[in-house]
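Computed from the coordinates by the stated procedures, all read-outs in this text should not be read as laboratory data. Predicted model, so just to flag it, every value in this text is computed and none were measured. Every residue, glycine as well, gets a Cβ built from its backbone with ideal geometry; the counts of neighbours run over all protein chains shown.
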Amino acid sequence: MIAKETKLKGCFILEPKIFKDSRGYFFESFNQTTFNQLINQEVNFLQDNESFSSKGVLRGLHFQKGEYAQAKLVRVIKGKVFDIAVDIRKDSSTYGLYVAIELTEENKKQLFIPRGFAHGFIVLSETAIFSYKCDNYYNKESEGGIIYNDKDLNIDWKLDENEFVISEKDLQLPTFKDAIL
């Protein structure tokens, strides 16, 4: 596996070594020791989550605050998504900036998002199965979010807005300036 740090410190794109032959393919999607060595820190994942979504479903931008902050390792098992991580660490030199990547079943790339980031994605394929590991348990009282169309972040979600499918809860999220980080 190869890890490349993005422009946001601590946020990495991971590319697995894929072994293909006439039978199909094999790759190691996660190895705790290798992962910690690649990102040069110790992260212990406690929970795996998976979602299934249709084209245009936009989930995010979400984060957990305080003692329930979460680092995530995300990937697509089936389909294609446009994935976003926003640096919300107020003391960071890249505060308010984001990184974007297409995660697909073909490229098998993963994105490591450290604590202190908001995260979201939109499904670009007809359907997608999205998987993510978290290093902390979810806590409803600690959840936070930023509205997807925040003017300061100015994220291009790669689809026309009339194709978006967004939960009522996510439509009520505050702007980046108004979010309680």
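Placing a label point 7 Å from the Cα of SER93 along the Cα-to-Cβ direction, the residues of segment 1-40 whose backbone N falls under 15 Å from that point are 6-11.
Scan segment 107-181 for GluC sites (Glu not before Pro) in coil per DSSP, keeping those whose Cβ has at most 12 other Cβ atoms within 10 Å, and list them by number. Intermediate values should be presented prior to the final figure.
Details: sites: GLU126, GLU141, GLU143, GLU161, GLU163, GLU168; in loops: GLU126.
Taking segment 107-181 and a limit of 12 other Cβ atoms within 10 Å, the loop GluC sites (Glu not before Pro) found are GLU126.
Taking amide hydrogens as placed 1.01 Å from N in the peptide plane, the amide H of LYS72 sits under 5 Å from those of ILE113, each at least 5 positions away in sequence or on another chain.
For the chain, a simple Cβ point-charge model (Lys and Arg +1, Asp and Glu -1, everything else neutral) yields a dipole of about 400 debye relative to the Cα centre.
Simple rule: put +1 on each Lys or Arg Cβ and -1 on each Asp or Glu Cβ in the chain, find the dipole, and look at GLY60, GLN110, PHE82; the Cα lying farthest toward the positive end is GLN110. Restricting the chymotrypsin sites (Phe, Trp or Tyr not before Pro) of segment 1-109 to loop positions (DSSP other than H, G, I, E, B) with no more than 13 neighbouring Cβ atoms within 10 Å leaves PHE27. Taking +1 at the Cβ of each Lys and Arg and -1 at the Cβ of each Asp and Glu, which of GLN32, TYR138, VAL123 sits farthest along the dipole of the chain towards its positive end, judged by Cα position relative to the Cα centre? So the residue we want is GLN32. Restricting the GluC sites (Glu not before Pro) of segment 23-52 to loop positions (DSSP other than H, G, I, E, B) with no more than 12 neighbouring Cβ atoms within 10 Å leaves GLU28, GLU42.
Working note: 222 nm ellipticity from helices only, DSSP H runs with n ≥ 4, each -39,500 (n - 2.57), summed and divided by the residues of the chain, gives -1500 deg cm²/dmol to the nearest 500. With all pairs of different alpha carbon atoms counted, what Kirkwood hydrodynamic radius in Å does the chain show? When all Cα pairs of the chain are included, the Kirkwood radius is 16.7 Å. Can you tell me which of VAL43, VAL86, VAL123 moves the most in a GNM of the chain? Springs connect C-alpha atoms under 10 Å apart. Of VAL43, VAL86, VAL123, the most mobile in the Gaussian network model is VAL43.
Note on PHE26 and ILE129: the model spin-label points, each 7 Å out from Cα along the C-beta direction, lie 2.0 nm apart.
Scalar couplings 3J(HN,Hα) for segment 69-78, obtained by applying the Karplus form with A = 6.51, B = -1.76, C = 1.60 to θ = phi - 60°, are 3, 10, 8, 9, 10, 10, 7, 10, 8, 9 Hz; x denotes Gly and Pro.
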